[in-house]
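Peer 1: Here it is, the structure, as structure tokens.
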Amino acid sequence: MAQINLIIIGLALLGLGLVVLGVARLRKARVLAAGSYGLLGIALLVGAALLFGFSLNLHTYHRLTHEEALAQLTFKQVAPQRYEVTIEYPDNESTRRYELTGDEWQIDARILKWHRLAALMGLNAQYRLERLSGRYRHVGEERNMPRSVYALTSDDGLDLWQLAERYNRWLPWVDAIYGSAAYLPMADMARYHVSITQTGLIAREVSKGAHPIGTERH
């Protein structure tokens, strides 16, 4: 990320310098030279602004170099097919609580992988948690019962994911973009650890918890 910030600063300073130089040439009535410097400077400033937008969105992702712990989820049943889930993050972020409906929980993530040249510039694979949702074990209930879903991140800057999908020919440094999800049953006092690897999300059961109330086991 430091390399990208340096490139942004370099482009912005160079563009600003060319714009100033163009204005100086214009004062000397050198219209052609002023136009050339000015257009090139503006183009560099626009490029710096676009790259800054990409960088801002990239800051919503995290670097991925090996298996990394993401979160611990603990469940408390409050009613049949309704659970309060507490998410604790390993980097001492504030604990978050949500209410999910259904029989199982699901967590989704986005993953960005880069081509070798971008990797040489310091860009490792990037990931971010996308959403948390409840799901029902049976398709009929999934279609008709209340759903619950929560966003786990915000979209800042230019959305690299959508741009890479729509304009992949113009973003050659992006090697692959894909989603990954993990889901497991919800139960009272159940606890899970969620981690991520280069291949996607992994959820591990730490504490099984009690049999869900008000439901039948199939």
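The values are calculated or read from the model by the stated rules, or taken from the named source; none is laboratory data. All values reported here derive from a predicted model rather than from experimental measurement. Backbone-built Cβ (ideal geometry, glycine too); neighbour counts: all protein chains shown.
Peer 1: I'd like the full set of residues that are at pLDDT below 90, in contact with a helix residue (DSSP H, G or I) (Cβ under 7 Å, 6 or more places away or on another chain) and of a type outside the set (D, E, K, R), limited to segment 133-178.
Peer 2: Gly157, Leu158, Leu160, Leu171, Trp173, Val174, Ile177
Peer 1: Taking the condition more than 19 Å from Tyr83 (Cα to Cα), buried (at least 18 other Cβ atoms within 10 Å of the Cβ), modelled with pLDDT under 95 and assigned by TED's automatic domain parsing to the domain that holds Thr74, does Ala125 pass? Full working, then the answer.
Peer 2: Values: more than 19 Å from Tyr83 (Cα to Cα): yes; buried (at least 18 other Cβ atoms within 10 Å of the Cβ): yes; modelled with pLDDT under 95: yes; assigned by TED's automatic domain parsing to the domain that holds Thr74: yes.
Spelling it out, Ala125 is indeed more than 19 Å from Tyr83 (Cα to Cα), buried (at least 18 other Cβ atoms within 10 Å of the Cβ), modelled with pLDDT under 95 and assigned by TED's automatic domain parsing to the domain that holds Thr74.
Peer 1: Would you point out which residue out of Gln106, Gln3 is at pLDDT below 65 and closer than 30 Å to Leu152 by Cβ? Step through it out loud before you land on a result.
Peer 2: Working: Gln106 fails: at pLDDT below 65.
Result of the check over Gln106, Gln3: Gln3.
Peer 1: For segment 192-209, how many residues meet the condition of being surrounded by fewer than 17 Cβ atoms within 10 Å (Cβ to Cβ) and under 25 Å from the mean Cα position of the chain (by Cα)? Step through it out loud before you land on a result.
Peer 2: Taking segment 192-209 and keeping what is surrounded by fewer than 17 Cβ atoms within 10 Å (Cβ to Cβ), we get 193, 195, 197-200, 202, 204-208.
Restricting the remaining residues to those that are under 25 Å from the mean Cα position of the chain (by Cα) gives 193, 195, 197-200, 202, 204-205.
Residues flagged as surrounded by fewer than 17 Cβ atoms within 10 Å (Cβ to Cβ) and under 25 Å from the mean Cα position of the chain (by Cα) within segment 192-209 amount to 9.
Peer 1: Out of all the residues in segment 64-91, which are more than 21 Å from Ala181 (Cβ to Cβ), of a type outside the set (A, V, I, L, M) and touching a strand residue (DSSP E or B) at 6+ places or on another chain (Cβ under 6 Å)?
Peer 2: Initially, segment 64-91 is screened for residues more than 21 Å from Ala181 (Cβ to Cβ), giving 65, 76-80, 82, 84, 91.
Still in the running and of a type outside the set (A, V, I, L, M): 65, 76-77, 80, 82, 84, 91.
Within segment 64-91, Lys76, Gln77, Arg82, Glu84 qualify.
Peer 1: Hey, another quick one. Which residue is modelled with the lowest pLDDT, if the candidates are limited to segment 61-77 and must be assigned to a loop (DSSP other than H, G, I, E, B) and surrounded by fewer than 18 Cβ atoms within 10 Å (Cβ to Cβ)? Break it down into steps so the answer makes sense when it comes.
Peer 2: Of the residues in segment 61-77, the ones assigned to a loop (DSSP other than H, G, I, E, B) are 61, 65-67.
This time we only want the ones that are surrounded by fewer than 18 Cβ atoms within 10 Å (Cβ to Cβ), so: 65-67.
On the way: Thr65: 62, His66: 72, Glu67: 76.
Only one residue tops the list, namely Thr65.
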